[in-house]
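See structure below.
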Amino acid sequence: MADLRNCSECGGLFVFMGRDVCPKCIEKEEEDFDAVRKYVREHSGASVVEVAEATGIDEERILHFLREGRLISKGLRATAVFNCERCGKRIESGRFCRACAEELDSGLQQSLQDITGVEREERSVTRHGKDRMHIKSGKSFDQG
Ligand SMILES: [Zn+2]
Ligand SMILES: [Zn+2]
């Protein structure tokens, strides 16, 4: 007796063959995969966001390909799998999106104006560890 299941993609009934997706959706996935692979091959170093926009394919699906190891990760930037810790927006690297980073940065600088000298250094170390770039990013260290 056939093992009938509901497709996890479209919900339709199909005969289970080792995957929880029906043949129709697998076919569609293959098409998507081809499009993604083609784009990545022509645009080495493209981010997931970029590929999603160019191909019209869900970022989730592209990430799924990546997780399955079907896409060569050196073609796609693996760092693209981040979400802003503040607003949840998909970002390519770091912990915050640009808008949040700028906001946090200006807020941080304001609060730091009240803290001086050694205390400032200590706080920045305990609170941010290696991320001290937030405080003096690119600026010279000649004041002190
Ligand atoms: Zn399906
Ligand atoms: Zn954000």
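Points worth noting:
- Scan of segment 7-22 for residues that are without any contact (Cβ under 8 Å) to a residue 12 or more places away in the chain and either surrounded by fewer than 13 Cβ atoms within 10 Å (Cβ to Cβ) or more than 8 Å from ligand 1 (Cβ to nearest atom) (or both), ordered by number: G11, L13, M17, G18, R19
- Tally, over segment 23-55, of residues that are open to solvent by 60 Å² or more (accessible area, probe 1.4 Å) and within 16 Å of ligand 1 (Cβ to nearest atom): 6
- Scanning segment 82-110 for residues that are of a type in the set (A, V, I, L, M), at pLDDT below 85 and more than 19 Å from I62 (Cβ to Cβ) yields L104, L108.
The values are calculated or read from the model by the stated rules, or taken from the named source; none is laboratory data. Computed from a predicted model, the values in this text were never measured in an experiment. So basically every Cβ, Gly included, is an ideal-geometry build from the backbone, and we count neighbours across all protein chains shown. Side chains are part of the model used for accessible areas, which takes the heavy atoms of the whole protein and leaves out ligands, DNA and RNA. Shrake-Rupley method; radii C 1.70, N 1.55, O 1.52, S 1.80 Å.
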